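What follows is a single structure, written as structure tokens, with notes after it.
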Amino acid sequence: MAKQKKGRVVNGIVVINKPLGLSSNQVLQRVKRLFNAQKAGHTGALDPLATGVLPVCLGEATKFSQLLLDSDKAYDTTATLGEVRSTGDAEGEVLRTADVPALVNAELEALLDRFRGEVEQVPPMFSALKMDGKPLYELARQGMSEAEMKAVAEKKRRVITVFELLLRDQREYELDLSVSCSKGTYIRTLVEDIGEAIGCGAYVSRLHRTQCGPFHSRQMITLEELEALAEQGDGALDAALLPPETALPGWPETLLDYAQADSMLHGQPVKTGLADSPSVQLWAVYPGVRLLIGIGRIENGLIKAQRLFQIALPKPE
């Protein structure tokens, strides 16, 4: 007999305003506990010192977690100039200091333009990327010198895209920046590279994510607000959830009748006259029912499933 899962079946996405000081996993566990959900997953970790948009997927919506991990992101950040730190943020030890040159706006804009578009990045050693099966942050904590850490991180060099890099404010020792970027972009590295280009070094003293894929700041809810809803009961909590399909904006819908949807849920592709498409929503639509059953693609006259929900398909009325 299969072991019964703890918790209740709840499907959807809640966009948390991750607070300062908590890890993404700590936030995830609190959300899962509040909803008493059987299954939950977040969509890309934020450092404990970062705040902002953290979509948490519950139940079948976790099937879309990887899509959000691979999505574009946006951040507001403050770069503190004149110091290089071991972790690239305020938690790290000060490695070097330097005088901050006086930069007029035109000079700074010309410098920032070098970091717009496709840019090569070397990820920070204090990151979760793995080398020989070990996260880089574990290797960094084994007492490596700065030169040794740079040599290891260099092996993970990649090309990322900065779609937008805006200077919001400039003070004597700080720059407020807004960044819109592709997946895999490290804002700590971007800020460090900008500091190096200025000639004085820099680290991230504030980081707030404003967008993760289709989810943005206006949709956020705090943990305190979620806890207040939990006191009102499951109905109030569930009203805060966004439906799973909100993770798929712009994806065309493919409508399936009962027989077609049943075939797909049993792992069988379905014939169609629709044009090829790499990404489609799969909807079971028949009298009394309109139900998202997963995502797939259309290829050579066949609808093929890629991610399917574990759901019971209602019988036609």
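Would you check if Leu22 is in a loop (DSSP other than H, G, I, E, B) and over 13 Å from the mean Cα position of the chain (by Cα)?
For Leu22, the condition - in a loop (DSSP other than H, G, I, E, B) and over 13 Å from the mean Cα position of the chain (by Cα) - is met.
Can you run down the residue pairs with Cβ atoms below 7 Å, 6 or more apart or on separate chains, where the first is in the stretch 34-60 and within 18 Å of His216 (Cα to Cα) and the partner is at pLDDT below 95 and among the aromatic types (Phe, Trp, Tyr)?
Cys57/Phe64
Output yes when any residue across the stretch 258-265 is in contact with a Pro (Cβ under 9 Å, 6 or more places away or on another chain) and free of Cβ contacts under 8 Å to residues at least 60 places away in the same chain, and no when none is.
Among the residues of the stretch 258-265, at least one is in contact with a Pro (Cβ under 9 Å, 6 or more places away or on another chain) and free of Cβ contacts under 8 Å to residues at least 60 places away in the same chain, which makes the answer yes.
Mind checking which pairs have a first residue in the stretch 96-121 that is closer than 19 Å to Val84 by Cβ and a second that is surrounded by 13 or more Cβ atoms within 10 Å (Cβ to Cβ) and basic (Lys, Arg), Cβ under 7 Å, 6 or more apart or different chains?
Qualifying pairs under 7 Å: Gln121/Arg158.
If I go through the stretch 269-312 residue by residue, how many of them are among the β-branched types (Val, Ile, Thr), closer than 21 Å to Phe64 by Cα and surrounded by 19 or more Cβ atoms within 10 Å (Cβ to Cβ)?
5
Identify all residues within the stretch 217-244 that are part of a helix (DSSP H, G or I) and either of a type in the set (Lys, Arg) or farther than 23 Å from Gly21 by Cβ (or both); write none if there are none.
Scanning the stretch 217-244 gives Arg218, Glu231, Gln232, Asp234, Gly235, Ala236, Leu237, Asp238, Pro244.
I'm checking my understanding of the structure. Among residues of the stretch 79-123 that are within 28 Å of the chain's Cα centre (by Cα) and of a type in the set (S, T, N, Q), which one is surrounded by the fewest Cβ atoms within 10 Å (Cβ to Cβ)?
Of everything passing the filter in the stretch 79-123, Ser86 is surrounded by the fewest Cβ atoms within 10 Å (Cβ to Cβ).
Determine, yes or no, whether Thr210 is under 12 Å from the mean Cα position of the chain (by Cα), closer than 15 Å to Thr51 by Cα, among the hydroxyl-bearing types (Ser, Thr, Tyr) and modelled with pLDDT of 95 or more.
When the stated conditions are applied, Thr210 passes them.
Are any of the residues in the stretch 176-198 surrounded by fewer than 20 Cβ atoms within 10 Å (Cβ to Cβ), in a loop (DSSP other than H, G, I, E, B) and either over 22 Å from the mean Cα position of the chain (by Cα) or not assigned by TED's automatic domain parsing to the domain that holds Glu83 (or both)?
Scanning the stretch 176-198 turns up no residue that is surrounded by fewer than 20 Cβ atoms within 10 Å (Cβ to Cβ), in a loop (DSSP other than H, G, I, E, B) and either over 22 Å from the mean Cα position of the chain (by Cα) or not assigned by TED's automatic domain parsing to the domain that holds Glu83 (or both).
Considering only the stretch 28-59, state which residues are β-branched (Val, Ile, Thr) and closer than 19 Å to Thr246 by Cβ.
Val31, Thr43, Val53, Val56
Residue by residue through the stretch 210-266, note down the ones that are among the aromatic types (Phe, Trp, Tyr) and over 24 Å from Thr43 (Cα atoms).
Tyr258
I'd like to check something: does the stretch 228-235 contain any residue that is free of Cβ contacts under 8 Å to residues at least 40 places away in the same chain and touching a Pro at 6+ places or on another chain (Cβ under 9 Å)?
Within the stretch 228-235 (the criterion being free of Cβ contacts under 8 Å to residues at least 40 places away in the same chain and touching a Pro at 6+ places or on another chain (Cβ under 9 Å)), the answer is no, since none of the residues qualifies.
Conditions: (1) at pLDDT 95 or above; (2) closer than 30 Å to Ile293 by Cα; (3) within 23 Å of the chain's Cα centre (by Cα). Thr254 meets all but one. Number of the miss?
For Thr254, the failing item is (3).
The values are calculated or read from the model by the stated rules, or taken from the named source; none is laboratory data. Treat the numbers as computed from the prediction; the structure is a model and nothing was measured. With ideal geometry, Cβ positions are generated from the backbone for all residues, glycine too; neighbour counts draw on all protein chains shown.
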